[in-house]
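The next block holds one structure in the form of structure tokens; read it before the comments.
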Amino acid sequence: MRTEPSGTAQGDASPMKNVVIVGGGTSGWMAAAALARIVPPTVSITLVESDDIGVIGVGEATIPTLMEFNDFLGLKENDVLRECRGTLKLGIEFVDWLRKGDSYFHPFGFYGRDTPEFAFHQLWLRLRHLSATGEAPADAAGDIGDYNLCTVAARLGRFSPPQGSDDAILSTTRHAYHIDSTLYARMLRRYAEAKGVRRTEGMVVGTQRNPTTGNIQSVTLRNGTILAADLFIDCSGFRSLLLGDTLGSEFVDWSHYLPCDRALAVPTAPNGAPPPFTRAMADRGGWRWRIPLQHRTGNGYVYSSAFIDQDEAERKLIEGADGEPLADCRPLRFRTGHRRRFWQKNCVAIGLSGGFIEPLESTSIHLAQMGVQRLVNLWPGRGFNEAETAYYNRLMTADYERIRDFIVLHYSATERDDSEFWRHVGSMAIPDTLAAKLDMFRFSGRIIPSPDDLFTAHSWLAVMLGQGVVPQSYDALLDRVPANALIHNMRLLKDGVAKTAAALPGHQDYIDRNCRAPAEPEQLV
């Protein structure tokens, strides 16, 4: 039996010496790569994972914040896309969410141009009012997506990264990626190991706690190896082996707000040029995703087992999939919610071991990223401080709650009543924090996100309008803006967005020129 050095006790001011990360996958290797990048070289980092435990591997659609993490590591965008066989993502198309036959687009980029006094959407709301009263042509305002370059470019299958000064239309885009998460984890593993992280193959079968402090002292692998550390990072997935099972951090269940508890995933062969967006299609018992990569398309069905069984969900997934299936459907089970404490004693949970919110807005990898980022910002290099761990837990809880509200919005603001599932979510109670946002927007169109909200006012605007939440009025101060000037300037802006989008390269052309992956996946191994 091999034993590693023992860890320090809670509150001990001696320097951090050893970190053990339990679990690999995207979350584990994100944590390993970030710590290897920034912690002192005197800290030994070990990641233990077992080849016998599968990786979830369905979180392939990302949001723009992942670029910040890659920049922190020094990873170049085109290298990441090439190695992970990725495509670009300008936003998410939502199909059949408000009602059957309806669709809308949630873009990452910005709508129009805010003025020093007014948010752009308030200008658009007033223009709609002028049309309704006959003071402007009926089509003067148009769809608000007409003023968003990401939306218009996505419709045309075109892409370009942001360019130019802040007043240029091309500067208003933002983008993310569709990536093969298994290949991304492999890329991060190579990065981390090159910086000294040691990977240990094995399955954790036991944990030992310090009888005085209650800290985790060591973990035991199936082959008898004991790994001791000062800090343990739990990346064991839904099992939450350390934080949940060992330390007993309570799970806060949100299934009363988000009843989906199952998912099926299946890859299919690519079918034509990949669109630069994710597609989320509402269905009888949940919703289906479509995520285009260079070498395949990811398809899935997130559903509630209380309203549809697995056989029907699988049938509907295969019928609606894009291209020929490349494997059997893979079933997943989950609960929506989070651990009451993400950091307890000397253990921090990152990713699924800390909580889960269904991937409707592609936030799973982001939440793991925020867990890692905040751990780095509060690095316990000389022991553990209860005020710092409490602060970490407050920040992470707030992240989950704000994202929860945004996801609940998609379900609660719907006109669908064609199935028991949609009647249930359309009539369920919603969080008070979401209700307050909706009441304010319905009255005057005002959107006031919290300073740390992942989703900007532009995102809230896209989804609220897309889900049929329309303000009764607009900011009354706008009445001092001359109607003729407003009509003229809005027409110029809309035409400028259309012309700019039409001049962009095709999404496939951009990939071919900048980040095309090798023809055979085996070349990436």
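A short reminder: the numbers here are calculations on the coordinates, not readings from a lab. Since this is a predicted model, take the numbers as computed values, not measurements. Cβ sites come from the backbone with ideal geometry, for glycine too, and all protein chains shown count toward neighbours.
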*For helix 364-377, what angle does its Cα long axis make with the longest principal axis of the chain, in degrees from 0 to 90 and rounded to 10?*
60
*Pop out the ³J(HN,Hα) list for region 304-315 in order, Karplus 6.51 cos²θ - 1.76 cosθ + 1.60 with θ = phi - 60°, rounded to Hz; leave Gly and Pro as x.*
9, 5, 6, 10, 8, 8, 5, 4, 5, 4, 5, 4
*What residues have an amide H closer than 5 Å to that of Ala229, excluding those fewer than 5 places away on the same chain, when H is modeled at 1.01 Å from N in the peptide plane?*
Gly7
*Could you work out the helix-only [θ] at 222 nm for the chain, with each DSSP H run of four or more residues adding -39,500 (n - 2.57) and the total divided by the number of residues, to the nearest 500 deg cm²/dmol?*
-10500 deg cm²/dmol
_Kirkwood Rh (inverse of mean 1/r, distinct Cα pairs), region 89-212, angstrom_ = 19.1
*How long, wide and thick is region 15-160, going by the Cα atoms along their three principal axes, in whole angstroms, largest first?*
71, 38, 26
_Subset of Lys195/Lys345; Lys17/Lys195; Lys17/Lys345 violating a 24 Å alpha-carbon distance limit_ = Lys195/Lys345
*Beyond 21 Å, what percent of the Cα pairs of region 188-327 remain?*
63
_To test your reading of the geometry: what angle, between 0 and 90 degrees and rounded to tens, separates the Cα axis of helix 483-502 from the longest principal axis of the chain?_
50
*Using the charge dipole of the chain (Lys, Arg: +1 at Cβ; Asp, Glu: -1 at Cβ; taken about the Cα centre), state which of Phe94, Leu243, Gln467 has its Cα farthest towards the positive end.*
Leu243
*Contact order normalised by residue count of region 262-333, Cα under 8 Å, 6+ apart, percent*: 45
*How big is region 262-333 on each of its three principal axes, counting only the C-alpha atoms and giving the largest first in Å?*
37, 22, 19
*Given H placed 1.01 Å from N in the peptide plane, which residues other than close sequence neighbours of Arg158 have an amide H under 5 Å from its amide H?*
His507
*asked:* Just want to confirm a number: the relative contact order over region 118-212, from Cα pairs under 8 angstrom separated by 6+ residues, in percent.
replied: 13
*Starting from the Cα gyration tensor of region 389-525, take the square roots of the eigenvalues, sort them a ≥ b ≥ c, and report rounded, prolate or oblate (rounded when a/c is under 1.5, otherwise prolate if a/b is larger than b/c, else oblate).*
oblate
*asked:* Treating only the Cα positions of the chain as identical point scatterers, give the base-10 log of I(q)/I(0) from the Debye formula at each q in 0.10 Å⁻¹.
replied: -0.84
*Counting only C-alpha contacts under 8 Å and six or more residues apart, can you give the relative contact order of region 221-340 as a whole percent?*
33
*asked:* Using only the alpha-carbon atoms, how far is helix 386-412 inclined from the longest principal axis of the chain? Give it as 0 to 90 degrees, nearest 10.
replied: 40
*Give the cross-link partners of Lys437 among the lysines, using a straight C-alpha distance below 26 Å as the criterion and excluding same-chain residues fewer than 8 apart.*
Lys100
*Would you please classify the overall shape of region 460-525 from the alpha carbon gyration tensor, given that a ≥ b ≥ c denote the square roots of the eigenvalues, rounded means a/c under 1.5, and beyond that prolate means a/b larger than b/c while oblate covers the rest?*
oblate
